[in-house]
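Enquirer: Below you'll find the structure I mean.
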Amino acid sequence: MKRRIFSLELILALVALVGIMAVGVGQAMGEGDEDGGKIIFTKPVKAVVFDHANHLAQGLDCESCHDEIFQMETGSAEAGDDFTMASLYEGKYCGACHDGETAFASNTRCTVCHIGVKGYNKETSTGTEEKKGHE
Ligand code: HEC
Ligand code: HEC
Ligand code: HEC
């Protein structure tokens, strides 16, 4: 009798453990699907904001941008020397959508994308660090 209760408890404990592990594995697997959050570009000018959440809320999916327009790696676009307004006006990078049809045009509403140095400091809270620079 006592033994039987013990094994029942053991089984329940095992079931609970397997459940917890399954949740853990699920979370670990889900991590690959996480979007890139808020990205702040600083090259060539400081600073331009791109927010994944706001774009996904527009009904865009990952394939709308990755990997044809943007790599899933922050810094890829900035690494090239053509991450400029001229490229955007030609329909590259953000300009693929920010053309006045799919989304507001790249030659309008500058400050919606360009948050400036103040905006950068606000988003990153590294204002004091930045002041040490020579910019
Ligand atoms: C509207 C365009 C757009 C959409 C839609 C989009 N992304 Fe991105 N994503 C970007 C841009 C821009 C970057 C930065 C690329 C760069 O710096 O060259 C980026 C970067 C990333 C990064 C790298 C982040 C890092 O810290 O290096 C990941 C991961 C990522 N995206 C995942 C996703 C996933 C997952 C989805 C779908 C849920 C998604 N993205 C949808 C534009 C987009
Ligand atoms: C796949 C299409 C697509 C691409 C690529 C894209 N956007 Fe957008 N973006 C949209 C749409 C759609 C909206 C919402 C409609 C509107 O405001 O005209 C939007 C809105 C925005 C907004 C206003 C909302 C907010 O987040 O504050 C900003 C800023 C913005 N985009 C910046 C960028 C930047 C910077 C890039 C390039 C790094 C970029 N977008 C690339 C489609 C895109
Ligand atoms: C859809 C978002 C978006 C809008 C709107 C936008 N820009 Fe930009 N801009 C960018 C991105 C992205 C870069 C490259 C990343 C960086 O410099 O941080 C950039 C870079 C620049 C640069 C440096 C590169 C170059 O082309 O010389 C200047 C200057 C600039 N923008 C001016 C403007 C002005 C002026 C406006 C309004 C007429 C404007 N931008 C509107 C996203 C935008």
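Derivation of every value follows stated rules applied to the coordinates shown; laboratory data play no part. Just so it is clear, the structure is predicted and the values come from calculations on it, not from any experiment. No Cβ is skipped: glycine too gets one built from the backbone with ideal geometry, and neighbour counts run over all protein chains shown.
Enquirer: Which of the helices (runs of 4 or more DSSP H) contained wholly in segment 37-97 include at least 2 residues that are among the hydrophobic types (A, V, I, L, M, F, W, C) and near ligand 3 (Cβ under 8 Å from one of its atoms)? Break it down stepwise before answering.
Expert: Values: elements: 52-56, 76-79, 85-89.
In segment 37-97, the matching helices (runs of 4 or more DSSP H) lie at 85-89.
Enquirer: So, in segment 42-82, how many residues would count as being free of Cβ contacts under 8 Å to residues at least 60 places away in the same chain, closer than 19 Å to GLY116 by Cα, within 9 Å of ligand 2 (Cβ to nearest atom) and in contact with a Ser or Thr (Cβ under 9 Å, 6 or more places away or on another chain)?
Expert: Result for segment 42-82: 0.
Enquirer: Give the residues of segment 72-123 that are farther than 15 Å from VAL49 by Cα, acidic (Asp, Glu) and surrounded by 12 or more Cβ atoms within 10 Å (Cβ to Cβ), sorted by residue number.
Expert: Answer for segment 72-123, where residues must be farther than 15 Å from VAL49 by Cα, acidic (Asp, Glu) and surrounded by 12 or more Cβ atoms within 10 Å (Cβ to Cβ): GLU90, ASP99.
Enquirer: Restricting segment 104-116 to residues that are without any contact (Cβ under 8 Å) to a residue 40 or more places away in the chain and part of a loop (DSSP other than H, G, I, E, B), which is nearest to PHE70 (Cα to Cα)? Give the derivation first.
Expert: The initial filter retains those residues of segment 104-116 that are without any contact (Cβ under 8 Å) to a residue 40 or more places away in the chain, namely 104-112.
When the remaining residues are screened for being part of a loop (DSSP other than H, G, I, E, B), the result is 104-109.
Numbers: PHE104: 19, ALA105: 18, SER106: 17, ASN107: 20, THR108: 22, ARG109: 22 Å.
Looking at the filtered set, the residue picked out is SER106.
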